[in-house]
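This report concerns only the one structure given below.
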Amino acid sequence: MKLRRRSAVVAAGVAAAALLVPAAVAAAHGNGKQDDTSLRALASKQGLRFGTAVDAAQLGSNKAYTDIVAGQFSAVTAENAMKWDAVEPSQGVHNWKAADDLVKFAQQNGQAVRGHTLMWHNQLPGWLTTGVDNGTISNAQLRNILHQHVTDEVSHFKGKVWQWDVANEVFANSWETPQADGLNADDFWVKHLGSGVLADVFRWAHQADPKALLMYNDYNITGEDGTNVKFQAVYDFVKKLRKQGVPIDGIGEQGHLDTQYGFNATLYQNDLQAFGDLGLKVAITEADVRTFVDAPATQVPTDSLAQFAQPYEFSALLKGCELVSQCISFTAWGVHDGDSWIPSTFSGEGYGLLYDVNMQPKTAYSTLQQDLKAAAGTKKHGPVGGGK
């Protein structure tokens, strides 16, 4: 993401506010059992699911990791196990094991599952991209292949996945080239199949599992770059599709933030509410707050204000969701800093999650814990894990 630079005034305000946050952490390590001070238990008092993205390979093999996932979270997202390259590495040959194992784990621990993701321009299987590049897969064939993929995957998990990120990151940012409708003209799927593909994938997913919640998922759609350009494009497009009867149930706002840039919490909340007012459910799907760190292995913030800014912005993400009744889940994009995507993607940055590299809870954890305690019973977000 390309976001605006934070001002010193904002950073100072962050520090002052965060100093008021209690540092005590109760039952933060998880023990495989739900504790009434866990994030999942506290969130349930609002009818809200509190989730995390999960590396399926670590479940069972890493006890500390497994215990935190089971004890702290009431929803899990397959970080990679449900992406196309993972489930269909060879055309027509599926490998569902990792994803099936995650679903089984969720069922055993009373967790809802977020399916991620059916149509995205990244992590496509090599046989698909190679075929398109060399012309052995035509655009007409590509559409049929996508249809088959969506049908196969949603059908395989029918009745087991609560929310699907059906389409992911197809709208243009302010620094990219948009089509007239706001879609990214350079997106793999838009470029080959046109704007109509977005409606198609939602219809195909609905046909395969009519009870699953179908979400459009993206970043920078609640004003993170200081403008509402991308929000407006998504809002207008989704409003039009819903009038046409396209079965879009909700919007996933990813929530990737960086302490060096500004974050307008009011704009964020207003945009979430605007989506909700369209009759859509909303979810925070990939929350993390990164900052500059000393090294990937240790991830100690290099700016003394970052230790205050990180929990402050995490808190703003959660509170915006809490204040919008249509917000049904809040998901952190990973369990701990040692297993985060951030250091390998943003050079010199890290420290983005609720647990540090040693899987110890950070101030951000206790901050969100206190936020959830304070909001218990103040607003209902629907039955926990409820469907449409």
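The values are calculated or read from the model by the stated rules, or taken from the named source; none is laboratory data. Source: prediction; values computed, not measured. Here the Cβ is made from the backbone with ideal geometry for all residues, glycine too, and neighbour counts use every protein chain on show. Just the protein is used for accessible areas: all its heavy atoms, side chains included, with ligands, DNA and RNA removed. Shrake-Rupley method; radii C 1.70, N 1.55, O 1.52, S 1.80 Å.
Structure values in brief
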item	result
Residue list for region 256-281, restricted to those being closer than 21 Å to Thr331 by Cβ and of a type in the set (Val, Ile, Thr)	Thr259
Failed condition for Gln108, given (1) out of contact with any helix residue (DSSP H, G or I) (no Cβ under 7 Å at 6 or more places or on another chain); (2) open to solvent by 10 Å² or more (accessible area, probe 1.4 Å); (3) in contact (Cβ under 8 Å) with a residue 24 or more places away in the chain	(3)
Qualifying residue in region 222-240 (condition: more than 24 Å from Thr177 (Cβ to Cβ), open to solvent by 50 Å² or more (accessible area, probe 1.4 Å), outside any strand (DSSP E or B) and hydroxyl-bearing (Ser, Thr, Tyr))	no
Set Ala15, Ala70: member being surrounded by 15 or more Cβ atoms within 10 Å (Cβ to Cβ) and modelled with pLDDT under 95	Ala15
Condition broken by Thr331, with the remaining ones in (1) among the hydroxyl-bearing types (Ser, Thr, Tyr); (2) in a loop (DSSP other than H, G, I, E, B); (3) surrounded by 18 or more Cβ atoms within 10 Å (Cβ to Cβ) satisfied	(2)
Evaluation of Leu305 against (1) under 19 Å from Trp341 (Cα atoms); (2) open to solvent by 30 Å² or more (accessible area, probe 1.4 Å); (3) touching a residue at least 40 places away in the same chain (Cβ under 8 Å) (one fails), failing number	(1)
Members of region 210-221 that are open to solvent by 10 Å² or more (accessible area, probe 1.4 Å) and in contact (Cβ under 8 Å) with a residue 40 or more places away in the chain	Lys211, Tyr219
Some residue of region 310-323 being open to solvent by 10 Å² or more (accessible area, probe 1.4 Å), within 20 Å of Val76 (Cβ to Cβ), modelled with pLDDT of 95 or more and not small (Gly, Ala, Ser)	no
Selected residue (criterion: surrounded by the most Cβ atoms within 10 Å (Cβ to Cβ)) from residues of region 138-151 that are in contact with an Asp or Glu (Cβ under 9 Å, 6 or more places away or on another chain) and free of Cβ contacts under 8 Å to residues at least 60 places away in the same chain	Val150
Residue selected from region 189-209 under the condition free of Cβ contacts under 8 Å to residues at least 12 places away in the same chain and on the phi < 0 side of the Ramachandran plot, by the criterion surrounded by the fewest Cβ atoms within 10 Å (Cβ to Cβ)	Gly196
